[in-house]
1. What's the average, rounded to a whole number, of partner chain beta-carbon atoms within 10 Å of each residue's beta-carbon in A:167-176?
2. When the label point is put 7 Å from the Cα of residue A:50 along its Cα-to-beta-carbon vector, which residues of region A:14-34 have a backbone N closer than 17 Å?
3. Please work out the Cα center distance from region B:96-128 to region A:80-151, rounded to the nearest Å.
4. Given labels modelled 7 Å from the Cα in the Cβ direction, how far is it in nm from residue B:21 to residue B:139?
5. Would you mind computing, in nm to one decimal, how far apart the modelled labels at residue A:101 and residue A:252 are, each placed 7 Å from Cα along Cα→Cβ?
6. For chain B, what class follows from the C-alpha gyration tensor (a ≥ b ≥ c being the square roots of its eigenvalues): rounded when a/c is under 1.5, otherwise prolate if a/b is larger than b/c, else oblate?
7. Want the number for residue A:130 to residue A:79: 0.36 nm per residue separation, take away the alpha-carbon distance, what's left?
8. Stretch residue A:154-residue A:259 to full length: gain in nm at 0.36 nm per residue minus the Cα-Cα span?
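Derivation of every value follows stated rules applied to the coordinates shown; laboratory data play no part. Just so it is clear, the structure is predicted and the values come from calculations on it, not from any experiment. Heads up, the Cβs are rebuilt from the backbone with ideal geometry, glycines too, and the neighbour counts pull from every protein chain shown.
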Ligand SMILES: Nc1ncnc2c1ncn2[C@@H]1O[C@H](COP(=O)(O)OP(=O)(O)OP(=O)(O)O)[C@@H](O)[C@H]1O
Ligand SMILES: [Mg+2]
């Protein structure tokens, strides 16, 4: 009895959680649908939601396949960009000299427009997935770097004193104190970096691809096939939301001790 | 027994900053602490008690003078894991359980094992937390957290304990109880303790000797020997002797430039 009651309450909670965004989306879709019908908007300008959904449900395998390509590129770029950023941040957090030497380079990477380097990457790295991964890595790099440097430095000074009073090595201090302390900062960075990595992969695909949702968008655009274009965008949104939700689940497990988890 | 000093503080001065902003926190402090002795440092807020402790513990350099621990430089004593620090803030690692927090000092600086380890179970029994090894710090009260911090410092069996107002963040009732608990633990482990406080009663109840520091810059105004039998019984804070020592210490504090040190606590 108690179990089913608990399950019911869980379901009710989930419903309460999902209801507001679903209602908003449905209302927006309806308004959009009615608008296109009443004003008789041509589908090559703005397709009606019903048209987009028909396109999606007509060939779900296609969008899933292309979406998977983009997701793998995005996640590859995210992993690469974050990995390099964490390495750089480790160096920078330990030495002001390193920080001063590496920061200009990082800012240079940050201010370089992705659209400008994307064609270059294609020339350098060919038409495979490599240039897409690199572009995704490039735009995830900076937010992770900046947050990681702050995170590695934001340690409890008293805990730091305790470790110093034991003559703990820099490596031990990093592993036992700096890295775990930085987790809240790292997760904030990841939450920004994951959507960015998807954008990076898509931009990469614009310039050179026959695979992935970015290329689907380019091709659909040149064919004035707006239904496919919007379906691809919807698929991208779905990927972004799924990855973000996944990240939140991991975060809740890792940061169980943090104020953000304890107060909610 | 001859008084071989465990800690020797000789002519220590400490100045922060330079030029117009220079601030002298400690001025020519000389002090010895014998092996197994419980010495309290008593003084008004801002007189340099924490600074003195940090210098003894090797966390800060002196501007003048020197400190030795067992004849060695504090940094060397640190490397040998001979110095155990307890701070006012327990500063436990919130992502570790009580037991894993207690293991922390054993996990770092392994090369110089120090004086051997005490098993976490035994430590938890010593501080009365044997039922909480798997709790996280946020599930514990402030007093319990401070006991974990104490257990963590005892875990690597340091010969010297440096305590910077370890009971300062506790309420009056818990604090009184923890005093006797601390005494019990100290009597069981027989370590040298340098204990910073600004509670007069606390200093008298716990200490063998009390060094009184003047208001900034901190100088030693006087050292009072507490001639009360051990083990010290609970309820000491209401005895005649405490009052006698309190008056004496209070006079020293006033002489050192403290404005309104309460005679009570
Ligand atoms: N790192 C520092 N840089 C500059 N000034 C400092 C530093 N640490 C301490 N001081 C100054 O030295 C003086 C003594 O500080 P300290 O913390 O040792 O006092 P305290 O006796 O422990 O006081 P309390 O009882 O309030 O803890 C203070 O005036 C403080 O502002
Ligand atoms: Mg202090």
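1. Values: counts 14, 7, 4, 0, 1, 5, 1, 0, 2, 5.
Averaged over the peptide's residues, the number is 4.
2. Answer for this model: A:26-34.
3. Each part's Cα centre sits 41 Å from the other's.
4. Distance between label points: 4.6 nm.
5. 4.4 nm
6. The shape class here is oblate.
7. 17.0 nm
8. In short, 36.3 nm is gained.
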